[in-house]
Amino acid sequence: MITLNINNTNYQVDASAEMPLLWAIRDMVGLTGTKFGCGIAQCGACTVHVDGKPVRSCSFPIAAAVGKKITTIEGMKDKIAEAVQNAWIELQVPQCGYCQSGQIMSATALLITKPHPTDADIDAAMQGNLCRCGTYQRIRSAIHRAAEMIK
């Protein structure tokens, strides 16, 4: 058994240490807000935070997450995360919504490290998150709006 701390709760999972964290989160723990996108860490749909840093859970082995704090979209409840989620709603960012949990996880990580990002900062931080609907302008606007909300 492997113990994972996800959203401040310890979960015991019976899995190989090499299993991608995504499958433990979704299939073993039952938190389905984190999405499977490409499976090769290229689209960002599976983004979660491990010790506060965004990682692509589809290619992040469980063994690397042991003893660390894992946060999924379901656990995003602090002031910055709430500002991002409220900005997403206010500016109606999602279309199909599939990539949005990963987008919100990356946007929140950006605002934690850079509370007043420029467009270039946003583009750099979000370049690993793909949106097939092309909502990139709304995502950028929502990140700026969230930055205003957390002042």
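Taking a label point 7 Å from the Cα of N8 along the Cα→Cβ vector, which residues of the stretch 79-120 have an amide N closer than 12 Å to it? Once the point is set 7 Å along Cα→Cβ of N8, 79 turn out to lie under 12 Å by backbone N, inside the stretch 79-120.
Rg/Rh for the stretch 1-49 (Cα atoms only, Rh after Kirkwood) is 0.95. A straight chain from Q95 to R132 at 0.36 nm per residue would run longer than the Cα-Cα distance by 12.4 nm.
At a probe radius of 1.4 Å, what is the per-residue accessible area of K53, in Å² to the nearest 10? We get 130 Å² for K53. Taking the accessible area of the stretch 83-147, probe 1.4 Å, and keeping the other protein chains in place, the carbon and sulfur fraction comes to 53%. Note on the chain: Cα convex hull, mean projected area over all directions, 8.0 nm².
Positive contributions from Lys and Arg (+1) and negative ones from Asp and Glu (-1), summed over other residues with Cβ under 12 Å from the Cβ of A87, come out at 0.
The values are calculated or read from the model by the stated rules, or taken from the named source; none is laboratory data. All figures in this text were calculated on a predicted structure; none of them were measured in a lab. Note that we place each Cβ from the backbone using ideal geometry, even for glycine, and neighbour counts take in every protein chain shown. These accessible areas exclude ligands, DNA and RNA; they are computed on the full protein's heavy atoms, side chains included. Shrake-Rupley method; radii C 1.70, N 1.55, O 1.52, S 1.80 Å.
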